[in-house]
Every structure is written in C-alpha cells, then in structure tokens.
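*Asks:* What follows is a single structure, and I will ask about it in a moment.
The values are calculated or read from the model by the stated rules, or taken from the named source; none is laboratory data. It should be emphasised that the depicted structure is a prediction, and the values quoted were computed from it without experimental measurement. Here Cβ is always computed from backbone atoms with ideal geometry, including for glycine, and neighbour counts include all displayed protein chains. Calculation scope for accessible area: heavy atoms of the full protein, side chains included, ligands and nucleic acids excluded. Shrake-Rupley method; radii C 1.70, N 1.55, O 1.52, S 1.80 Å.
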Amino acid sequence: MLKQRLLTAAVLIPLFVWGVLALPSAYFAMLLAAVVVAAAGEWSRLVALPAAARRVFVAFIAGALLFAIYMPLPAEFIRGISVAAVIWWACATAWIKRYQAGAQVLPKTRLGGALAGLAILLPPWLALTALHGDPSAGPAYVLFLFVLVWAADSGAYFVGRRYGRRKLAPRVSPGKTWEGVMGGAAASLLVAVAGIFIFNMPGAVAPLFVALCVAVVVISVVGDLLESLFKREAGVKDSGRFLPGHGGALDRIDSITAAAPVFYVGLALIVWVT
C-alpha cells in the first residue's frame, strides 16, 4: 500500500504543482472544482443521502461552483464565508472532543449531514481560488499551504508508525497518535521557517506567520479527524476510490478543507495588523 501511495504521489504531485503555478486562476478554479464535486459525491454517500438527494446535493455543489467561477464573488463575501468557516471548524473541534468522550454529536437528520457537507466543501474552494487570484503571490501561497499540510501529514505518518504510543483520539481515529502529531508539527515548522525566507517577510511579520502556520496545522488535524468521525459512523475505511492507494477525493482534501479558510483569514489578518 505504501509503495502504491508513493507511486501515485510521484505522478500527481508534479502535475499539481504545475497546475497551481502555471494555470490561470479561472482554470485552477475549474480543476479544484472537479475535485470538490467528486468529494461531494463521496460525502453524499457517507451521510447516507437517498439516491435522488445525492444527485441534488452534487448538482447544487457543482452549480454553486460554476456560478462562482463565471460570476466572481465580492472579496468581502469570500472573507465573510471564510470567517464563518473558521468558526465552524472551532465548533467541529469541540464536537470531536465530545465524541471522543462518548457523546453523539453528528447531525441526526440527512438534511443536517448535507448542510455539514456544504460547510466543509464550499468555503475551502472559495478561499483557495481567492488566494490563487491574488496578484502579488497568490499561486505561491496556495502551493505553500499544500506543502505545509503535506509535510504535517507525512511527518505524522512516519513518526507515528515508528514511535507512536499514545493515542490521540482512539474512538475517532485509532491510528493517530500524539507522537505522530508532534512529528507532523516539527516537519511543518521547518516549512513555515522556509516560508519566511521564500516570501521575504519582515522580522515583525515572521512570528505572526509562524503562529499562523502552527494554527493551520492544528486545524488540518481537526479536518482529518472530522472526516474520520463520519467514516467511522458510516462503517467505511475510505470515502471512495478516487486515487490508487489514496482512497477517495475526500480523503485527500480532508485536511485542506479545514486548513484553507484558516490560512486565508490568517493572511488577511496579518496584512491588516501590519
């Protein structure tokens, strides 16, 4: 399985990097929209929507994304949605803690599951496409965010496999450990420090940027855990079979769904305070 994951990553990562850096923002938005629509289909099955409701849910997601591509939304609206998403993920953190303690926190209706899907899937797309369209260094920031999250995921995976002892949230995701989280944090901290030099940040901004990167990594773990919670309740290991060795589209973007709005809002705050 590890070999298959590495082979798939070796093919797709260069293509993704090229797409982020070379594609115009409109085409990048379309590429990202295709992934989100695939994830929407997986989410609709994860929350057990009936067949007709699944089609409506996926069509609504696709329609909303197409509308946003061809009718660009005001920056204020995107920032507002991103702030709301940050609040959503703060609530999700509390839900995960309650679920780990034995409480039932998932939506009790299929409508609730569908609304949760909208909150998870649409804001990160808006945040990433808005960030990519920034004329200063938008594509570079988008790529940096993905590298930051990838570094955290990879560090957590390898350190957790080798040294993992203390379970992070065994009722939610039995394989995750505190040692893995620390390994991921260390790897991402190196990326954050590199980002200071890549983006040529002034000394006063550097600590704020590192703090933002730490917050992004923490919330990316929450994104991963929330999807694990829903998969556990649904009794499945992967959300789908989107990529060989990597599970579904939702499995590949679960961390980014939480990280993107936080990163987007955090960068806006750093610009505002400095």
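*Asks:* Tell me, please, whether a residue that is open to solvent by 20 Å² or more (accessible area, probe 1.4 Å) and over 19 Å from Ile219 (Cβ atoms) can be found in region 76-84.
*Replies:* Yes, that holds for at least one residue.
*Asks:* Would you point out which residue out of Gly223, Gly235 is under 25 Å from Ala101 (Cβ atoms), at pLDDT 80 or above and open to solvent by 30 Å² or more (accessible area, probe 1.4 Å)?
*Replies:* Gly235
*Asks:* Next question, about the same structure. Could you tell me which of the residues Ser188, Ser173 is free of Cβ contacts under 8 Å to residues at least 60 places away in the same chain and in contact with a Ser or Thr (Cβ under 6 Å, 6 or more places away or on another chain)?
*Replies:* After applying the criteria, what remains is Ser173.
*Asks:* Let me ask something additional. If you go through region 92-111, how many residues are farther than 16 Å from Ala40 by Cβ and in a helix (DSSP H, G or I)?
*Replies:* Selection size over region 92-111: 9.
*Asks:* Hey, can you tell me all the residues within region 159-184 that are part of a helix (DSSP H, G or I) and open to solvent by less than 40 Å² (accessible area, probe 1.4 Å)?
*Replies:* Result: Gly160, Glu179, Gly180, Val181, Gly183, Gly184.
*Asks:* Further, regarding this structure: So, Arg54, is that one more than 22 Å from Asp238 (Cβ to Cβ) and assigned to a helix (DSSP H, G or I) or not?
*Replies:* no
*Asks:* So which residues in region 70-86 are under 18 Å from Trp272 (Cβ atoms) and without any contact (Cβ under 8 Å) to a residue 12 or more places away in the chain, if there are any at all?
*Replies:* If the condition is that a residue be under 18 Å from Trp272 (Cβ atoms) and without any contact (Cβ under 8 Å) to a residue 12 or more places away in the chain, then Pro74, Glu76, Phe77, Gly80 are the ones that fit.
*Asks:* Looking at region 101-129, which of the residues that are open to solvent by 40 Å² or more (accessible area, probe 1.4 Å) and touching a Pro at 6+ places or on another chain (Cβ under 9 Å) is modelled with the highest pLDDT?
*Replies:* In this case the residue turns out to be Leu115.
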